[in-house]
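Novice: Here it is: the structure, laid out below.
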Amino acid sequence: MAWRSSGATNELLIDNLARNGLITQARVKQAMLGVDRAHYAPFAPYQDSPQTIGHAATISAPHMHASACESLLAYLRPGARVLDVGSGSGYLTHVLAELVKPGGRVVGVEHIEPLVEMGIRNTRKSAEGRGLMDSGGLRYVNADGRLGWPEDAPYDAIHVGAAAVAFHQPLIDQLKAPGRLFMPVEEGNTQHIFIIDKKEDGTVTRKRDMGVRYVPLTDAPR
Ligand code: SAH
């Protein structure tokens, strides 16, 4: 299913993802058309598969980025605040920032400094990316994402791009009410996406979604 969506250009890749039902929302399609994956994936950018970006990190497959955006979409309104934990290449961080324009603020948290710099460099390759970074609509910080980023909390939406071994409480605490957290969680040898919703009255629900394969959310390498 995933591989069928590859295309020769960014536009063909996104069109194929939509045709195969992996993008169903027009706003997600529009945002993904607006961010060229070639600025973020070092080779085979239009293939629907994960790619290595060095430092034991990967840029996730396009259909996973689409799925994350679709599942958070109701919370990605213009002006919304968003946290992207494990921002890596910066691709999804940029797409999320497109989705909350105008007036939104997205923070990408990454614990490997050269990857923070890579995210900044990649985002600055496009005029849109430079505009977002210069206006404060998008920034990258070097920190342990398991602690969230309290400075800009609370967040309408939090995305975690690496598999956690626990439901880190700081992330749940930093969600707005209402707000949604999308995170892969390891359970034994398997990983699943969990959708954690904080309702308006502050109650928190947890739903297990599809099985996935992400790099681990860990201590920073020394
Ligand atoms: N969404 C990114 C995913 C990159 S892979 C993309 O598609 O490009 C996961 C990233 O999480 C890696 O860059 C890794 O360095 C980062 N990471 C792992 N543990 C982390 C932690 N505790 N805090 C912040 N970032 C972390």
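Novice: To the nearest 20 debye, what charge dipole does the chain have about its Cα centre, counting +1 at the Cβ of each Lys and Arg and -1 at the Cβ of each Asp and Glu? Present the calculation step by step, with values, prior to reporting the outcome.
Specialist: On the way: 24 positive and 24 negative charges, 70 e Å.
So the dipole magnitude of the chain works out to roughly 340 debye.
Novice: Where q = 0.14, 0.17, 0.22 Å⁻¹, what log10 of I(q)/I(0) comes from the Debye formula for the stretch 165-218, counting one point per Cα?
Specialist: -0.37, -0.53, -0.81
Novice: Same structure, new question: Output wanted: per-residue J couplings in Hz (rounded whole) for the stretch 150-161, from phi through Karplus 6.51 cos²θ - 1.76 cosθ + 1.60, θ = phi - 60°, x for Gly and Pro.
Specialist: Rounded to whole hertz, the list is x, 3, 9, 5, x, 10, 5, 9, 10, 10, 10, x.
Novice: Tell me which residues come under 5 Å, amide H to amide H, from D84 once H is placed; ignore anything under 5 positions away on its chain.
Specialist: V107, G108, V109, H159
Novice: Counting other C-beta atoms within 10 Å, which of T58, T24, T203 has the fewest, and how do the rest follow? Spell out each step's value before the answer.
Specialist: Values: T58 20, T24 12, T203 9.
Lowest count first: T203, T24, T58.
Novice: For every helix of n ≥ 4 consecutive DSSP H residues, a contribution of -39,500 (n - 2.57) applies; sum these over the chain, divide by its total residues, and give [θ] at 222 nm rounded to the nearest 500 deg cm²/dmol.
Specialist: Details: 7 runs with 63 residues, N = 222.
Helices in the chain give a 222 nm mean residue ellipticity of -8000 deg cm²/dmol.
Novice: While we're here: In what sequence, highest mean first, do 174-187, 106-119 appear when ranked by Cβ atoms within 10 angstrom?
Specialist: 106-119, 174-187
Novice: Right, another one. Kindly provide the GluC sites (Glu not before Pro) of the stretch 1-99 that DSSP labels as loop, not H, G, I, E or B, and whose Cβ sees at most 10 other Cβ atoms within 10 Å. Walk me through the intermediate numbers first.
Specialist: On the way: sites: E11, E70, E98; in loops: none.
The qualifying sites: there are none.
Novice: With just the Cα atoms of the chain, tell me how far they stretch along each of the three principal axes, in Å, largest first.
Specialist: Extents along the principal axes, in whole Å: 45, 40, 40.
Novice: Would you pull out the residues with amide H under 5 Å of S6's amide H, same chain only if 5 or more places away, H placed 1.01 Å from N?
Specialist: For S6, whose amide H was placed from the backbone, the distant partners under 5 Å are D48.
Novice: So, one more: Considering lysine pairs in the stretch 58-216 that are 8 or more places apart or on different chains, how many have Cα atoms under 19 Å apart? Intermediate results must be reported in sequence, preceding the final value.
Specialist: Numbers: K101/K125; K101/K176; K176/K198; K176/K199; K176/K207; K198/K207; K199/K207.
Step by step, the pairs that qualify in the stretch 58-216 add up to 7.
The numbers here are math on the coordinates, done by the rules we state, and not lab data. Quick caveat, the model's predicted, so the values are computed rather than measured. Heads up, the Cβs are rebuilt from the backbone with ideal geometry, glycines too, and the neighbour counts pull from every protein chain shown.
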